[in-house]
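Chemist: Handing you a structure now.
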Amino acid sequence: MNISDTKYKIIRSTRRKRVGVRAQDANHFEIFVPEHISDEAVVKIIIANREHILRLLEKASHKKIKIDYQDGVTVLLQGKELTLRYIDMEYLWDLNFEESTLYIANEYRTMSEAVLKNFYEQQFFKLKDMCQELATRYKFPLNKVYVRWTKSKWGSCSSLKNVSLSAYLLMAPLQVQEYIIFHELCHLMHPDHSPAFYDLLESYCPEWKEHKLWLKENGWRLRILPHSEV
Ligand SMILES: [Zn+2]
């Protein structure tokens, strides 16, 4: 991690006497400074304290985002915002993708996190199918696909030609999901990050850099559910 890759927001206050830093995720932080501190001075403060800030960013990159489960709160599915609405109904949840609404049964409001987890788990097959279909279409020697709630990696593959995908990818746009899938499928041919690997990836997914950037910028927004790191 490098401090120059990060983005920050300066928050000035007349009442503040000391400098404070709050990291939102691996790449974003807020720096709180007294009113009279110039932008240039802030840059100097950041550079002088980069080790400390990097530690805060590292810590923030692993945390789960807390959702305040209220009517009107939004979550992501395929990069699209879904609004949560609590209504009286028989089902646990009901998705209306056209209306961008995910209905949750009022009765289960206090268990919203578990309901949301169940909702995403019911979509796991979509990631698995996409991976299987791309492997079949482009003749990658894929064995099995797993989807798990992993936070540290978007995907991985094994010597047994199994691919594992992070469930959080379901929240990312389809092209981003496809990029990670191609990344892992290309590893079945090249287990490294060699130029040959990148040439192959580029041939299937020419916009991969754009998708990689999307994950870097938005990845933290996706980590809203408990992880099950293995
Ligand atoms: Zn890789």
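Chemist: When you look at Leu170, is it away from the ligand (no atom under 16 Å from the Cβ), of a type outside the set (Gly, Ala, Ser) and outside the structural domain of Glu217 (by TED's automatic domain parsing), yes or no?
Modeler: Values: away from the ligand (no atom under 16 Å from the Cβ): yes; of a type outside the set (Gly, Ala, Ser): yes; outside the structural domain of Glu217 (by TED's automatic domain parsing): no.
No: the conditions fail for Leu170.
Chemist: Then there's this: Could you grab me the full set of residues in the range 87-102 that are buried (at least 16 other Cβ atoms within 10 Å of the Cβ) and more than 22 Å from Arg221 (Cβ to Cβ)?
Modeler: Of everything in the range 87-102, just one residue is buried (at least 16 other Cβ atoms within 10 Å of the Cβ) and more than 22 Å from Arg221 (Cβ to Cβ), namely Leu92.
Chemist: Now for a different question. Pull up the range 2-15, narrow it to residues that are surrounded by 13 or more Cβ atoms within 10 Å (Cβ to Cβ) and at pLDDT below 90, then point me to the one that is nearest to Arg50 (Cα to Cα).
Modeler: Restricting attention to the range 2-15, the residues satisfying the condition of being surrounded by 13 or more Cβ atoms within 10 Å (Cβ to Cβ) are 3, 6, 8, 10, 12.
Adding the requirement that they be at pLDDT below 90 leaves 3, 6.
On the way: Ile3: 7, Thr6: 11 Å.
Once the filter is applied, the top-ranked residue is Ile3.
Chemist: Okay, next question. Can you name every residue in the range 189-219 that is in contact with a strand residue (DSSP E or B) (Cβ under 9 Å, 6 or more places away or on another chain) and more than 11 Å from the ligand (Cβ to nearest atom)?
Modeler: We begin by selecting, within the range 189-219, every residue in contact with a strand residue (DSSP E or B) (Cβ under 9 Å, 6 or more places away or on another chain); these are 191, 217-218.
Selection gives Glu217, Asn218.
Chemist: Could you run through the range 75-86 and say how many residues are loosely packed, with under 15 Cβ neighbours inside 10 Å and farther than 15 Å from Leu169 by Cα?
Modeler: 0
Chemist: Then there is this: Looking at Tyr146, Tyr120, Tyr138, which is the one that is within 19 Å of Ile65 (Cβ to Cβ) and more than 15 Å from the ligand (Cβ to nearest atom)?
Modeler: Working: Tyr146 fails: within 19 Å of Ile65 (Cβ to Cβ); Tyr138 fails: within 19 Å of Ile65 (Cβ to Cβ).
When all the criteria are applied, what remains is Tyr120.
The values are calculated or read from the model by the stated rules, or taken from the named source; none is laboratory data. It should be emphasised that the depicted structure is a prediction, and the values quoted were computed from it without experimental measurement. Neighbour counts are summed over all protein chains in view; Cβ atoms, including those assigned to glycine, are modelled from backbone coordinates with ideal geometry.
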